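Trainee: First, the structure itself, so that you have it in front of you.
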Amino acid sequence: MQGPTMNTPVSKCLDLAAYSARMLGKFTNLPALIALGAEMTAAAAELSAAQAAYEKAVTDILPMRVDVKYENYVSDRRIRVTQQKAEIADGKRGGRIAGIVFPEGSAPITRLVGASQVQAMVDLEGRLKSAQDLWSDASAEKEAIGQHREQYDKALTARKNAGQNARDMRAARNAAKDKFLHKYAEIMSRVEAEFPKDRATQDLFFDEVRTKSSLATADTSTGDEADDEGVEGETSGG
C-alpha cells in the first residue's frame, strides 16, 4: 500500500479518501472498519473545506488586480489632463505654470505603476498647491488628482490584503493537508492490524495514489477517457 504525500494534489487526496471510506463502509459486519470509514470522511471534509477557502481566496485576487489596473489607467489619463490644462493656462508648452507643476512633464509620473505612482501623485499634489497663487485652477486640479490617488491607493491596499489572505489560506490548507495525511497513514496502519499478513485485503481499502484525480481527468479529457476507464475497470475486476 502507498499513501499520499504533501506532493499529492488535494483533489487526489479527496478521491483516495472517498474510495477508502466507501470500501470501508461495505464491511457492515466489522464495526471497526465502519468507524475508520467515518474518520476518513471527517478528515477529507476538513481538508476539502480548507482547500475551498484557499481557492476562494485566490479567486478573490482577480477583481483586485482589475481594480488596480483600472485605477492606474484613469489616473494616468487624469494626470495628462492636468498637464494639458496647465499648458492652456500658460498659453504654450513649457510655460511658467507647467514648469512648476510638471518640471519633467507627465511621463515620469504616468510610466510608474503601483505605490511609486501613488507617491509621485502625492508629490504632484504638492506642486499644484505651490502653484495656487499663479493658477486659479490649481486647487481644483489638486483635489482631482488627490481623489484619483486615494482610489488608486485603496485599490493597491485591497490587492495587497487579498494576496495576504490567499497566503494565509494556503498555510491553513497545508496544515489541514498535513493533518489529513497523518490520519490517512493512521487508518492504513489500523487496517493492516485488522488484517495482518493479508496484503490482498489490505490493498482492497486503498486506491492507487499515482493515478490522476477524477477532477484532473475531467478537466483534461473529452469524456471518452473516463468512459473507457470505467469499462476497463469492470472488465479487469470481473
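The values are calculated or read from the model by the stated rules, or taken from the named source; none is laboratory data. Computed from a predicted model, the values in this text were never measured in an experiment. Methodologically, a virtual Cβ is constructed for each residue, glycine included, from the backbone with ideal geometry; neighbour enumeration extends over all protein chains shown. Keep in mind that these areas ignore ligands, DNA and RNA; they rest on the heavy atoms of the full protein, side chains included. Shrake-Rupley method; radii C 1.70, N 1.55, O 1.52, S 1.80 Å.
Trainee: Counting other Cβ atoms within 10 Å of each Cβ, which GluC sites (Glu not before Pro) in segment 34-122 have at most 13 and sit in a DSSP loop?
Mentor: Passing both the DSSP loop test and the Cβ count: GLU104.
Trainee: Between beta-carbons, use under 12 Å as the cut-off and find the net charge around GLN83, counting Lys and Arg +1, Asp and Glu -1.
Mentor: +1
Trainee: What fraction, in whole percent, of alpha-carbon pairs in segment 110-225 exceed 25 Å separation?
Mentor: Here the tail beyond 25 Å accounts for 62 percent of pairs.
Trainee: What net charge do the residues around ALA175 carry, taking every other residue with its C-beta under 15 Å from that of ALA175, with Lys and Arg at +1 and Asp and Glu at -1?
Mentor: Taking every Cβ under 15 Å from that of ALA175, the sum is +3.
Trainee: Using a 1.4 angstrom probe and counting only protein chains, how large is the accessible area of LEU30 in Å², to 10?
Mentor: Solvent-accessible area, nearest 10 Å²: 50 Å².
Trainee: Further question: What part of the accessible area of the chain, given as a whole %, is carbon or sulfur when the probe is 1.4 angstrom?
Mentor: Heavy-atom surface of the chain belonging to carbon and sulfur, 1.4 Å probe: 51 percent.
Trainee: Another question, then. In vacuo Debye scattering of segment 1-63, one point per C-alpha: log10 I(q)/I(0) at q = 0.14, 0.29 Å⁻¹?
Mentor: -0.49, -1.17
Trainee: Under a straight-distance cross-link criterion of Cα-Cα below 26 Å, which lysines are reachable from LYS129, leaving out those fewer than 8 residues away in the same chain?
Mentor: Output for LYS129: LYS85, LYS92, LYS142, LYS154.
Trainee: For segment 88-172, compute Rg over Rh where Rg is the Cα radius of gyration and Rh is the Kirkwood radius from the inverse mean 1/r over Cα pairs.
Mentor: 1.17
Trainee: I'd like the Karplus ³J(HN,Hα) series for segment 20-28: coefficients 6.51, -1.76, 1.60, θ = phi - 60°, whole numbers in Hz, and an x wherever there's a Gly or Pro.
Mentor: Each residue's phi maps through the Karplus curve to give 5, 4, 5, 5, 4, x, 5, 8, 5 Hz.
Trainee: Per-residue HN-Hα couplings for segment 64-77, Karplus 6.51 cos²θ - 1.76 cosθ + 1.60 at θ = phi - 60°, whole Hz, x for Gly and Pro?
Mentor: Here the 3J(HN,Hα) series is 5, 5, 4, 4, 5, 4, 5, 5, 5, 5, 6, 5, 4, 5 Hz.
Trainee: Which entries of LYS177/LYS197; LYS12/LYS56; LYS56/LYS160; LYS12/LYS160; LYS69/LYS160 show an alpha-carbon separation above 22 angstrom in the structure shown?
Mentor: Correct reply: LYS177/LYS197; LYS12/LYS160.
Trainee: If you don't mind, there's one more thing I want to ask. Quick one: if the Förster radius is 30 Å, what FRET efficiency do ARG96 and GLN147 give, using the C-beta to C-beta distance and rounding to 0.05?
Mentor: That pair, ARG96 with GLN147, gives E of 0.70.
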